[in-house]
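To start, the structure itself, in structure tokens.
The values are calculated or read from the model by the stated rules, or taken from the named source; none is laboratory data. Everything numeric in this text was worked out from a predicted model, so none of it was measured. For neighbour counting, all protein chains shown are included, and Cβ atoms are generated from backbone atoms with ideal geometry for every residue, glycine included.
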Protein chains: 2
Amino acid sequence: MNTLAEENYLKSIFHLSDAEESVSTNQLATLLNTKASSVTDMLKKLADKALINYTPYQGVRLTLSGEKIALNIIRKHRLWEYFLVEKLNFKWDQVHEMAEEMEHISSNELINRLDKFMGYPKFDPHGDPIPDINGQINHHNLKLVSAIEVNDSGTISGVKNHSPNFLQYLEKQTLTIGKIISVIEIIPFDQSMILQTENKEVHISSEVANNLLIAL
Amino acid sequence: MNTLAEENYLKSIFHLSDAEESVSTNQLATLLNTKASSVTDMLKKLADKALINYTPYQGVRLTLSGEKIALNIIRKHRLWEYFLVEKLNFKWDQVHEMAEEMEHISSNELINRLDKFMGYPKFDPHGDPIPDINGQINHHNLKLVSAIEVNDSGTISGVKNHSPNFLQYLEKQTLTIGKIISVIEIIPFDQSMILQTENKEVHISSEVANNLLIAL
DNA sequence: TAAAAAATTTAGATAAGTCTAAAAAATATA
DNA sequence: TATATTTTTTAGACTTATCTAAATTTTTTA
Ligand SMILES: [Mn+2]
Ligand SMILES: [Mn+2]
Ligand SMILES: [Mn+2]
Ligand SMILES: [Mn+2]
């Protein structure tokens with residue numbers, strides 16, 4: 001199988017990938033908190049294993065088999081996060097680091113039984129979709145709160161930033177997954193927003209609005 | 001903290017330790033499926049970290065802090081095995097390899113919550129006692145089935161061998177943890193034994209009797 | 001479009017954990 | 001108790017994943 005380091009690279013390439021551009025060495029170095037030269041070494045290894053398409057200086061894309069592995073790791077990560085929150089009563093800001101370790105437990109039989117045990121959840125505690133056993137993801141159409149307008153309302157459904165600091169702040173403002181909000185006012189000076197939540201008015205900065213996802 | 005390899009060495013030293021003798025390099029090499037020279041290297045490292053007392057050529061013993069770490073890993077191993085059997089419905093012969101990986105998940109908060117979630121079980125699926133949060137073990141007094149006599153009876157409470165082959169055999173003979181048996185006859189020629197189980201008579205070899213533990 | 005800047009790769013080192021082969025120490029045996 | 005055998009350690013090498021510094025390629029900018 002693949003080493004822990006290889007799995008982390010594949011997952012990071014997946015997260016950085018989009019339809020247009022390929023993923024650069026520096027993007028990976030930043031995300032993985034390592035040096036560009038280390039990334040280059042690993043890219044050669046992953047290319048040898050046919051998990052990525054890599055042309056020196058041209059960045060990298062996952063092959064189909066690389067993407068399959070990445071999706072399986074993300075599936076494991078999100079199912080373990082769900083387990084930690086729903087079964088062991090952790091808060092949503094406490095589970096990411098643990099899941100970073102647990103996602104590398106190799107048994108697929110284990111993860112499939114865990115999935116069943118929890119009733120096949122579709123989203124993790126941060127609103128991210130959980131890939132099913134075949135790697136299928138249930139995308140839903142989310143917008144950044146910063147991109148909606150006064151009087152628009154909807155359900156908070158995801159976060160772009162997963163840092164404990166941010167998640168704890170949202171918790172305090174009752175801006176958590178599933179909560180319904182509407183936009184009362186947008187301050188032109190700094191693009192900060194005044195929101196109506198289920199129980200109070202909340203004033204959020206544009207940075208916060210830029211990292212919060214909503215289903216209209 | 002400690003690496004995965006260090007944790008596995010500490011656990012193995014613990015399992016091989018007894019009151020009298022210290023653990024030898026070769027014993028460790030055999031159990032860990034590695035070479036004696038590799039063991040020597042690691043023993044130096046663990047001694048530098050004050051986790052073992054090591055004198056070249058004289059074998060090794062855990063220090064108090066080494067033992068604490070070993071017991072914590074064993075606690076994790078056995079709690080995860082319990083989880084896999086009781087919550088995810090694995091059989092007792094399927095869980096050891098998975099637990100070998102899961103015992104290295106670092107969070108103690110996680111394992112303590114898992115313990116609570118499962119109702120603080122005292123024994124793992126193989127009858128082995130689960131150390132509590134302070135490393136205390138609930139020893140109970142078990143005898144090898146090979147050491148008891150005709151007409152003795154008791155409850156099957158543990159196994160010395162954990163191989164899937166052996167466990168599957170026991171399952172087939174309904175010689176599983178908690179079952180009550182009594183000795184009908186011991187064949188002098190080969191020390192094999194005829195046992196009365198709850199629903200049938202079973203004839204077991206002396207090898208089997210030597211790996212099965214009973215509470216009288 | 002040539003020079004400067006930025007991004008990426010190569011070269012050479014290092015640390016952890018393993019190995020084989022050889023040397024040294026401990027133990028068994030005659 | 002000397003010699004043979006077994007056990008253990010040492011020496012030197014290899015692999016994985018990382019690093020720094022230097023070289024190379026690409027991109028930007030004047
Ligand atoms: Mn996460
Ligand atoms: Mn998540
Ligand atoms: Mn086990
Ligand atoms: Mn067990």
_Tally up the residues in region A:68-82 that are surrounded by 18 or more Cβ atoms within 10 Å (Cβ to Cβ), more than 18 Å from A:Pro164 (Cα to Cα) and either among the aromatic types (Phe, Trp, Tyr) or over 13 Å from the mean Cα position of the chain (by Cα) (or both), please._
2
*Scan region A:88-104 and give yes if some residue there is surrounded by 21 or more Cβ atoms within 10 Å (Cβ to Cβ), farther than 30 Å from A:Lys179 by Cα, within 15 Å of the chain's Cα centre (by Cα) and more than 14 Å from chain B (Cβ to nearest Cβ), otherwise no.*
no
_Test: residue in region A:162-177 that is farther than 23 Å from A:Leu88 by Cβ and either within 14 Å of another protein chain (Cβ to nearest Cβ) or among the hydrophobic types (A, V, I, L, M, F, W, C) (or both)_ = yes
*Can you pull out the residues in region A:156-197 that are more than 16 Å from A:Asp124 (Cα to Cα) and of a type in the set (Val, Ile, Thr)?*
A:Thr174, A:Ile180, A:Ile181, A:Val183, A:Ile184, A:Ile186, A:Ile187, A:Ile194, A:Thr197
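Residue-by-condition table, conditions (1) in the same structural domain as B:Asn108 (by TED's automatic domain parsing); (2) more than 16 Å from B:Ile111 (Cβ to Cβ):
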| site | (1), (2) |
| --- | --- |
| B:Ser17 | no, yes |
| B:Thr25 | no, yes |
| B:Lys35 | no, yes |
| B:Ser38 | no, yes |
| B:Ala50 | no, yes |
| B:Glu67 | no, yes |
| B:Arg78 | yes, no |
| B:Val85 | yes, yes |
*What is the one condition in (1) exposed (fewer than 13 other Cβ atoms within 10 Å of the Cβ); (2) away from ligand 2 (no atom under 15 Å from the Cβ); (3) assigned to a loop (DSSP other than H, G, I, E, B) that A:Asn138 does not satisfy?*
(2)
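Suppose we keep only residues that are among the charged types (D, E, K, R) and assigned to a helix (DSSP H, G or I) within region B:80-111. Which one would you say is nearest to A:Val85 (Cα to Cα)? Spell out how you get there, then give the answer.
Of region B:80-111, the ones among the charged types (D, E, K, R) are B:81, B:86-87, B:91, B:93, B:97, B:100-101, B:103, B:109.
Add one more test, that the residue is assigned to a helix (DSSP H, G or I), and what stays is B:81, B:86, B:97, B:100-101, B:109.
Values: B:Glu81: 21, B:Glu86: 20, B:Glu97: 26, B:Glu100: 24, B:Glu101: 22, B:Glu109: 13 Å.
Selected residue: B:Glu109.
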*Output the residue which, of all residues in region B:46-67 that are surrounded by 15 or more Cβ atoms within 10 Å (Cβ to Cβ) and part of a helix (DSSP H, G or I), is nearest to ligand 4 (Cβ to nearest atom).*
B:Glu67
*Filter region A:9-38 for residues that are over 20 Å from A:Glu103 (Cβ atoms) and β-branched (Val, Ile, Thr); which is nearest to the chain's Cα centre (by Cα)?*
A:Thr30
*Hey, can you tell me all the residues within region A:153-168 that are among the hydroxyl-bearing types (Ser, Thr, Tyr), in contact with a strand residue (DSSP E or B) (Cβ under 9 Å, 6 or more places away or on another chain) and under 16 Å from A:His96 (Cα atoms)?*
none
*State which residue pairs qualify: first residue more than 29 Å from B:Leu170 (Cα to Cα) and inside region B:93-119, second residue near ligand 3 (Cβ under 10 Å from one of its atoms) in any location, beta carbons under 9 Å apart, and separation of 6 or more residues or different chains.*
B:Ile105/B:Trp80; B:Ile111/B:Trp80
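For B:Leu43, state whether it is more than 14 Å from every other protein chain (Cβ to nearest Cβ) and either surrounded by fewer than 21 Cβ atoms within 10 Å (Cβ to Cβ) or not charged (D, E, K, R) (or both). Steps first, answer last, please.
Details: more than 14 Å from every other protein chain (Cβ to nearest Cβ): yes; either surrounded by fewer than 21 Cβ atoms within 10 Å (Cβ to Cβ) or not charged (D, E, K, R) (or both): yes.
It is true that B:Leu43 is more than 14 Å from every other protein chain (Cβ to nearest Cβ) and either surrounded by fewer than 21 Cβ atoms within 10 Å (Cβ to Cβ) or not charged (D, E, K, R) (or both).
If I go through region A:50-90 residue by residue, how many of them are over 12 Å from A:Asp124 (Cα atoms) and either of a type in the set (Val, Ile, Thr) or in contact (Cβ under 8 Å) with a residue 40 or more places away in the chain (or both)?
Going through region A:50-90, the residues over 12 Å from A:Asp124 (Cα atoms) turn out to be A:50-73, A:87-90.
This time we only want the ones that are either of a type in the set (Val, Ile, Thr) or in contact (Cβ under 8 Å) with a residue 40 or more places away in the chain (or both), so: A:51-52, A:55, A:60-63, A:66-73.
Residues flagged as over 12 Å from A:Asp124 (Cα atoms) and either of a type in the set (Val, Ile, Thr) or in contact (Cβ under 8 Å) with a residue 40 or more places away in the chain (or both) within region A:50-90 amount to 15.
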*Could you tell me whether any residue of region B:170-192 is touching a Gly at 6+ places or on another chain (Cβ under 7 Å), among the small types (Gly, Ala, Ser) and in a loop (DSSP other than H, G, I, E, B)?*
no
